[in-house]
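Any read-out appearing in this document is the output of simple, stated calculations on the displayed coordinates, not a laboratory observation. From a predicted model like this one, the values you see are computed outputs, not experimental measurements. Note that each Cβ is placed from the backbone with ideal geometry, even for glycine, and that neighbours are counted across all protein chains shown.
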Amino acid sequence: MESISVDKAIFTTRSMRRLRPDPVPREDIEHIVEAATMAPSAGNYQMWAFVAVTDETIRKKIGAAYRESGNYYIRDTVLVDPNTDAERMRVYGKAMYTVEHLAEAPVIIVACSTLAIPNDSAIAAGPFGSLFPAIQNLMLAARGRGLGSVLLTLATDHAPFPPTENISVRKILNLPEGVETVAIIPVGYPKGQWSRPRRDENLKVLHWNSWGN
Ligand SMILES: Cc1cc2nc3c(=O)[nH]c(=O)nc-3n(C[C@H](O)[C@H](O)[C@H](O)COP(=O)(O)O)c2cc1C
């Protein structure tokens, strides 16, 4: 398969919510998880684990848990709030597609921390700051194989809106104590086109030598 440059992967990887149901080769899932593990981690503890869910029954259970949290937070909280700005209405409007269709992704990868994450942000920064670079590696490696993905944190152990009526993702996956869900990443061949993510383009985030320059 034709490989793409690192720059091309970075500049064309956006959230792919609309995924085809076609199965993803096992070798590709193994590759993108291996790519995830090339990320840096605090103290090189490599405190990550990934559960790749292809089983339709389990995907549907995860989809139900996510739908409950997504409906509660996105549909019934953000989208009905008169203070929600237009850009957030657009972003969260799109996010509702995932709320309704998560289980249709052929693979749902649940990224876990193998260290329990405390509320203390100074300590939590270690595992979170290790998991998310790994997840980004995974998403870029997926892009390299023509696979789309989107990073979800609702319905995980550290989301402010875990499901209450549905069984939690950690229970669905039978995670042992101390292993915690950090993100849910549906992966599959995209229905949409790759394109540059929608971002501010004028490099206003860059300051030279001191703030404001
Ligand atoms: C830490 C983090 C948590 C996120 N959680 C969710 C989520 O729970 N549900 C969702 O639909 N999107 C989630 N997203 C995806 C963002 O909405 C998305 O990346 C953002 O709107 C930018 O869109 P783009 O990736 O297409 O550029 C999350 C992204 C990040 C970085």
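Taking region 9-76, which chymotrypsin sites (Phe, Trp or Tyr not before Pro) meet the DSSP loop condition and have no more than 13 other C-beta atoms within 10 Å?
Answer by residue number: Tyr45.
Using the basic label-point model (7 angstrom from Cα toward the beta carbon), what is the Glu100 to Asn213 distance in nanometres?
According to this spin-label approximation, the distance is 5.2 nm.
Which far-off residues, 5 or more places away or on another chain, put their amide H under 5 Å from the one on Met16, with H placed in the peptide plane?
Distant-sequence amide H within range of Met16: Ser149, Val150.
What list of ³J(HN,Hα) values in whole Hz, one per residue of region 148-158 in order, does the Karplus curve 6.51 cos²θ - 1.76 cosθ + 1.60 (θ = phi - 60°) give from phi, with Gly and Pro shown as x?
Values, residue by residue: x, 7, 8, 8, 10, 10, 4, 6, 8, 5, 10 Hz.
Is there a quick way to get the dipole size of the chain? I mean about its Cα centre, with the Cβ of Lys and Arg at +1 and of Asp and Glu at -1; what is the value in debye to the nearest 20? Present the calculation step by step, with values, prior to reporting the outcome.
On the way: 23 positive and 23 negative charges, 127 e Å.
Rounded to the nearest 20 debye, it is 620 debye.
Could you grab the relative contact order for region 110-213? Cα pairs under 8 Å, six or more apart, rounded to a whole percent.
Details: 104 pairs, mean separation 36.0, N = 104.
That works out to 35 percent.
Would you please give the residues with an amide H less than 5 Å from that of Val107, counting only those at least 5 places away or on a separate chain, with H modeled from the backbone geometry?
Long-range HN contacts for Val107: Val187.
Each residue of region 103-115 in turn: what ³J(HN,Hα) in whole Hz from Karplus with 6.51, -1.76, 1.60 and θ = phi - 60°, glycine and Pro shown as x?
For region 103-115, the Karplus curve yields 5, 6, 4, x, 9, 10, 9, 9, 8, 10, 9, 8, 10 Hz.
Given the Cα atoms of the chain, and with Rh set as the inverse mean 1/r over their pairs in the Kirkwood sense, what is Rg to Rh to two decimals?
That ratio is 0.97, to two decimals.
Out of the trypsin sites (Lys or Arg not before Pro) in region 115-200, which ones are loop residues according to DSSP with at most 16 other C-beta atoms within 10 Å?
Passing sites in region 115-200 are Lys191, Arg198, Arg199.
Would you mind pulling out the separation of the Cα centroids of region 98-126 and region 150-205, in Å?
About 6 Å separates the Cα centre of region 98-126 from the one of region 150-205.
Tell me the relative contact order for region 16-188 as a rounded percent, counting alpha carbon contacts under 8 Å between residues six or more apart.
37
Take Asp76 and Glu30, extend 7 Å from each Cα along the Cα→Cβ direction, and tell me the distance between the two endpoints in nm.
4.4
Between Ala111, Ala86, Ala36, find the one with the highest GNM mean-square fluctuation for the chain; connect C-alpha pairs within less than 10 Å.
Ala86
With label points built 7 Å along Cα→Cβ from the Cα atoms of Asp200 and Thr164, find their separation and express it in nm.
3.7
Would you list, by chain and number, the lysines whose Cα falls below 25 Å from the Cα of Lys94, excluding same-chain residues fewer than 8 positions away?
Hits, sequence-local ones excluded: Lys8, Lys60, Lys61, Lys191.
Hey, if you put +1 on the Cβ of every Lys and Arg and -1 on every Asp and Glu Cβ in the chain, which of Trp194, His158, Leu115 ends up farthest toward the positive end of that dipole?
Trp194
For region 27-42, just list the computed ³J(HN,Hα) in residue order, Karplus coefficients 6.51, -1.76 and 1.60, θ = phi - 60°, integers in Hz, with x standing in for Gly and Pro.
4, 5, 5, 4, 5, 6, 6, 4, 4, 4, 6, 7, 5, x, 9, 4
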